[in-house]
Each structure stands twice: as structure tokens, then as C-alpha cells.
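Worksheet for the structure shown next.
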């Protein structure tokens, strides 16, 4: 006779843990009958064959036999048949004949002691059928749940012709089985304390759990514990119970949500507000999530949402003063703060208050969001990650995020998918987000069948195994229960969860819109729909929870609050946008109670610090760590540079970062391949060549008590990751947060974040941000996708006036220029200047976004080096690097003054030397393009009185810097001279992919730059 473990091994080529998981998730309904078998296997001493065998293995064997009797050894088939046929303990097992050449045939001839009854196979089949029925409800019960309050749901499940059926004949059962009692499997909780139920009751309980006003999608989750947790929350009988006090609180919250919208409609009937009518339950839903999360230890909630319902959320969730909201509807209101501001339904808010349900302090932050709906998703994630990082919340127990979505945007915008895929990455996870979808079942005027290809708008969440709870929003108690479960899920498993509030939009896209044009049948039904507040109030009155006078008094009380706030709002003559900040930086803008000085100290360092950082950068500060041979050569080269008091680009960056870490500034560098660097120049993370996943970050070994350095390769996303880093930079001004594009060209897939948040952030929301964008840029014949970071786009969005010459004699002119600009755009030509601009970003008394066009070929260019002397105390970032060669010694002899920026400088100097024109042509580099260095360029022009002026760039004429630089240079010199152009002709593509064409174009621009007669024909 084979031993059980041997037999099990032959039956299934899985590990023990895999087998347990497989059987646990798929065991049939007849599993309960295994209780009968345990009585046989318990006294193992009486059964020599079972001695030393775990009953779990017997149980697994039994499940295998139920599915296929031939899958087990003949002796086990006999044992299990005897057991099911009712053989008493001790007799079901037949001892085999002694092993001999003929023993196997003897075993094969063995017969059960108790012949299997005709109904044994039917019993097994019925139990399997019941298990299939239960599983069908768990998997597809949501398909027939009553989710749409309008009763006209257009969710299409044509991929599943038969979703779930209470027709027992479909599962091989018949009507006579309805009153038969079946044992329940361990994968359902519908029995409560009962282990067996009649089939009729099983079906009724499954209908109640999965087919009423809640539809649960979870069976795609590949974790047994999580599936069991959800089953227990929804299948346990009587689990969705609320006390009378909870019902009264829910009613009061519905009153506030509903009457707020009605008050705005009465007072400002012709104003757009993107009201919440049709989903008023959102307010109590959010408050329930926050209450439950606060109860579980969360004290900071960061939220993001589109414009629909934002004013209501600000008023009744964040608890913004009503008069501050109402005053924004005053057309005569003036803006007190600088900047353009934004419409009232885009603004954010930050507020710390007591949660009255838990009596705990809680901070709520609603991130401002433009009309680009889901654009705020990664911003919220980044801000949440930063707040968790700075308070040491490594598990997300104190800080959490809630994201609100519209159904059409959730399904239609790719940023939702990109953000979901950040949710479980080590350097990006926020340990679970609660997503709430306001499912109006329409996007502006577009029906769902035209807006998405999936049945639900929430199907994108399945990619990260997030459970999805669909709920009819006209059942407030069901909504509250689902929100409680969602908050508990996030607290328990620290993973994303989605609440889909299936509702409707009572008005059009906005209050001025006519929806009957495009959805006549839907809106005929909506016009007949009784508001959810009225429905729920009638229910509670009928239950005796409240009476009609109490309900009317609650309404009257809130209406009075609104009227009093409206009266106070008339005294608000000025809108202070600073009251609407979602990320205040207390203490940053003042020093000892006074505004910080508008100056910037030297960004240089002592030689000792530079040398120390260089030595660490060229070594491996961990013992017994084997690095790649090629990397050994790179580190050795770095060491030689340090000995020669010289830095290349990578070493300059290392020294800027390392010095800021010493000063307590956290640095976070993120993007595709940033750990090594796209061009294999950085190597901030070393990998042991002999030990898998063993790494070393030398930057974190520079100083005792230094700030941490975070360097993390990102997912292959620009939109999502840049939004995330922007949100991270919002949290604190005392951090240097950088995002590097793999190639500068690729920032265009993150253009929404750049256009809507980074460029106008301070103007729209008075919100400073110091994020740094590193964009590799340069024409090297690598084609149109790997050449241009599109500098023209960034320069076009700069807010300085090209026709106005500022007061060049103003004190601290350069710093004031920086303060007044919307962002800083630089293209450094030396590692030393790159070092200074990174340090200046933190040492400034304010924060501005910094756009840096970083090089590719200059990373290893032998002339692109800087000496320590350029980085010592007293040195600064050079906005302009003037000519310092022979031409500068005899400026009167200079025939042409070339202005340029970035890499092309080295092409120009090489050509000038080859043509022996070092005294006739001067070359001045503009390192900081915006804000434009009018003062320094005026000095350069005045220095060379006889020189004609030309701008030289390697980009095409309709791209690059020319259209930005030319008018400003002309303003600088009062239009006294023309500013000529030397460069490539206009083109549609940013670069050629043909190397020969590239070199031909380069030579042509060099010929133009150094042909002193080139511009005479245009004079």
C-alpha cells in the first residue's frame, strides 16, 4: 500500500502550500461531510495505514476524490465510498493484502464493505452543484444587483450570457432539492453559526448578500485571506445593521448635503457650481470613510476630486467657512493676492479640526484641481507619500488618501491607470487609497455605451486586485456600510479599494445646461425621481427613528446657518486666495517673525567638503561588496578627477546633492532609469554582482545625521510620475525634489501636469513649488524622439514681458526677477554652473519650479569640466558666462558677438579655433534663459560696440530659443541693432534621424555663424 504522502505527490505536481491554496479556494460544497470522515481518521492507532498521516492530507485527498474518484488510489476510493455510504467508524478502511507480486491485482479486486448506494453519486453531484451556485453568486451576483436608482442601467454583460441564476435546474438540481439540507463550504459565511441550510434558504441569503443594493466584485483577487475577509463582511447574516443614533446622524448629513445645494440654487440660480444633486449621499459617504479611518488611527486625510460637488465637500466635509464660499459668488469681488486665481469649484483647502464622531484631531487637505478631472490623482498620491515620509509613517497608518472620480473620467483617462500602477511600487506606494466614483452614468452628454468598452467604469481597478463595491446611491444605509467596509479594508490590508456610487445627475453638465437634448428618456425618469433625502426621511419616520417635526427642525436649523453665513459673506469685499491653500508651509516665509530677506547667499562650498563628497562618490562605502568591473573604472576616473580638483557633470550633481544632505535637506530623485542614469553616468545605486538584490547608495553614507537621499527608478510613466513628484514637492519647502525624463522629448506625455500645475501653480492657487525637471536635450543626430526637450514650449509659457526693460538698478535685481517669474529655465554649459543652480534652488528664500535642459554628449565631453575654484565659497550661479578669451582682451576688434546657450557653445569654440577667429568673434553663453538676464547682457553688448549681434542655436529656427531671446535682446539694446540668426532652418520635426544630414546641418549653421559677410545682404 502506498503511503498517503507518496500518493498525494503522484496525484498533483504542486508544492504543499500551492495545493492547500488551490483546494482552499475551490473546495466543493460537500466539504462539510468531511466531518464524518474525521471520526474515522482520528484514532489513527486503530488504522495502521493512517498512522503518522495528517488529517489535512486526508481532507485534500477527499476533495480530489469528490471531483474525480479515479484521481486517487483504489484503496482510497473504497475508503471514501464506504464512508459516504454510511459505514461505521473503523470499518470503512480495508487492510490490503501483504505486498507481493500479485498484491496489486488483489487490491484492484477489492470491493467496498458497504456497497455504494445509487444516490451516493447524486449526493456528491448535488453538493458540487450547490458549491457552484454559491460561487456563481460570489463571482457574478453583482450582475443582477439592483444598483441603478433609475432602473435603466445600461451596463452590458454580453460576455456572460448566463451570469447567475436562481433556477436550480441550471446547476443540475431540481425543485425537490429546495428543501433539502446541504452542508456549507468554508468559503461562505451565509450560514452564520449554522453549518448546514436548506437550499431554499441558501439561495435567499445569497440573494440578500449579493443581489440587492450592493454589488461586490472581488473574486478576481488572488489572495484567499482577502477574499474570505470580504465574504465575511457581506455574507454574514444581519451584518448590515445600524443603530437609531447612526441613522439620525446619516439623516442630518443628508440634510446638510441636500440643503446646501438647494441654498446655492436659490441664491445664485444662474451661476455654474457643478452641484451634487442626484448624488447627495456622497457627503455622508466621505464622512463615514473619514470617521472610520480616524477611528483606526488616521489623523491626516489628503483628498483629490473633480469639480462636481467640490463646493459641497468644502462646506460639509472639510468644513470651510460658508461665508468664504458664498462670497466667491459676488461678481464685484476683488482678488487681494497676486495671481489670476481660479474658479471656485477648482480651489483646494487645508483644515485641522476635531472629528466629532471619534473626538480625535484630524487634518483634511483637498488638493486644488483644474478641469482636467483626473490630473490631480498622482498629485494627491505624491503629497500623501511625502506626508507619510516626513512623519515616519512607513505603513500608512496615520496618513491616507481619498480620491473622488467621475465615471466617464475614471474609465476614459489613462492617468487613472498610471496612478493605479504606482500604488504598490516601493518608492511610490501610499499603502492604500480609497477611491470613490460618483457614477452619474453619463459623461457630459455621452452615454456609457459610447464612453467605454468595459461593463463598469471601475474595471481599470481590477489590474491591481482592488475590490470594487458597487452600491445604489438611493440606499444611504447600504452606501454607509460599503464605505465602512472600504475604510476597514484599507486599514487592514493597506491596499486600494473602490466604492462605485451608482447615482444620477439631476441637472445637466452644469446648471445652465439642457440635458434633454441628448438624454430625453433618462431625464424624464430623473424628473420623476424622488430625492434621496425625502426617501430616507420617510423611511426613518415610518420606522419611528425620527418624527416629522424633528426632521423639519433639522432642515430649518441648517437653512438658518446658511442664511447667517450669506449675510456675513456680504462683508467680504476681498477674496484672499491664501485662505484656500491646500499645502501651507508654516514658518517658511518668515524668519524670527519677519519676512525673509530677498537675498541668496553664496552657493559655493569649502574644498574640504568638495573633496570628501568626491571621495565617497568614487568609492564603495560597504565592506565585501563586489561591483561591476566597468563601474570600478568609472569610480577610479572619478577619484582621479577629485585629485585634480576637477568635476564632470555627474560629480557636480553628486556634490550639490551631498552638500544639501549635510544641511538637512531631503533629496528625492525620481524617473525612468535615474539610479544608473539613462546615459550610464550617475550610478547612485551600486549593485553587488554576487548577491541578488543587494545594493548600496553611497550618498546615504556621506555624513552622520545627514538627511536621507531617495533615488528611485519609476514606472514607464511620465504623466503619473511627474504628477506624483509634484505632489511630493508640495508637502515641504525643505526638500529638493527632482524628476528626470529618460529623454527630454518625453516630457510631452506629462504636458497636462506642466501646463495645469507647474507653470501656473502660483498664479492660480498662490502655491509655490520647488520641483526640478531634468530634461536631457541636445542635437546629436539621434532622431526626432531623442533630441529636443522642446525649450520653446517652456519659454513661451514664461510670464515676463519681452517688450519691457525692467529697472536694472533695482537692489537684488536678480533675486527679485526670480521671485516675480512663474518658473526658472536654464541650460547650463558647465558642471560648475549646474552645481550652483541646484544649490540655489534650496538657498533661495522662496520656491519656484526649475526647468533644466541637461546634456547628453557633454556628460563625457573632455572640455565640459569645472575646477574646484569655480565652486568655492563666494561663488554663485552665473546667469551669463561672458567671453573670457582673446576677444575679451581687445573688444574693439570684435566683429561679431555670438549669443548661445548649452552644448552648441563647444561646437562654436571648436570652429572658431579652427578658423583662427578667436579675436574677431566673441561668444557669450546665456545660462539662465528665464527670467531673462537683461542687466548682464546689456553689459556684454556695450563691451563690444563694433560687433554685430547674432543668436546661434542648434535647434531649428521655429523651435529652441530664438523667438524668445530675439525680442528681449532687442529690448535690452533699445532696438539699436538687429539680432541675426545662425542655425537650422524651420522644420516640422525637431531633429533629423540621419547622421549625415545632421552633420551637414551643423556645418551649415557653423558656416553662417563665422561668415562675417553672411548678414550683409539682409542689412
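Each value in this text was obtained by applying a stated rule to the coordinates, not by laboratory testing. Values in this document were obtained by computation on a predicted structure and should not be read as measured data. Cβ sites come from the backbone with ideal geometry, for glycine too, and all protein chains shown count toward neighbours.
Overview of values
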read-out	value
Between helix 719-731 and the chain: long-axis angle, C-alpha atoms, 0 to 90°, nearest 10	80
Angle in degrees between helix 607-617 and the longest Cα principal axis of the chain, rounded to the nearest 10	40
Mean separation of Cα contacts under 8 Å (6+ apart) over length of segment 881-1018, as relative contact order %	26
Long-range Cα-Cα pairs in segment 120-235 (distance over 26 Å), rounded percent	20
Angle in degrees between helix 532-543 and the longest Cα principal axis of the chain, rounded to the nearest 10	30
Using alpha carbons only: equivalent-ellipsoid semi-axes of segment 395-507, gyration tensor based, whole Å	24, 18, 10
Part-to-part distance (alpha-carbon centres) for segment 273-315 and segment 806-876, which is given in Å	43
Between segment 889-906 and segment 726-759, the Cα center-to-center distance that results, in Å	34
Peptides ranked, highest mean first, by Cβ atoms within 10 Å: ranges 400-406, 639-645	400-406, 639-645
Antiparallel DSSP beta bridges within segment 244-577, percent to nearest 5	20
Likely footprinting exposure, 699, 450, fewest C-beta neighbours within 10 Å first	450, 699
Computed helical MRE - 222 nm, the chain, DSSP H runs ≥ 4 contributing -39500 (n - 2.57), nearest 500	-11500 deg cm²/dmol
Per-peptide average of other Cβ atoms within 10 Å, ordering 490-499, 302-311 highest first	302-311, 490-499
Sequence ranges 168-179, 726-737, ranked by mean other-Cβ count within 10 angstrom, highest first	726-737, 168-179
P(r), alpha carbons of segment 821-878 - 5 Å bins starting at zero, rounded %	4, 17, 27, 23, 17, 9, 3, 0
Least to most buried among 800, 608 (fewest other Cβ within 10 Å first)	608, 800
For segment 881-1018, projected area of the alpha-carbon convex hull averaged over all directions, nm²	8.2
Convex hull per residue volume in Å³, alpha carbons only, for the chain	236
Euclidean distance between Cα centres, segment 601-680 to segment 183-253, Å	57
Fraction of beta bridges assigned by DSSP in the chain that are antiparallel (%, nearest 5)	30
Value of Rg to Rh for segment 599-639 (Rh from inverse mean 1/r over Cα pairs, i.e. Kirkwood)	1.18
For segment 244-577, Kirkwood radius (reciprocal of mean inverse C-alpha pair distance, Å)	20.4
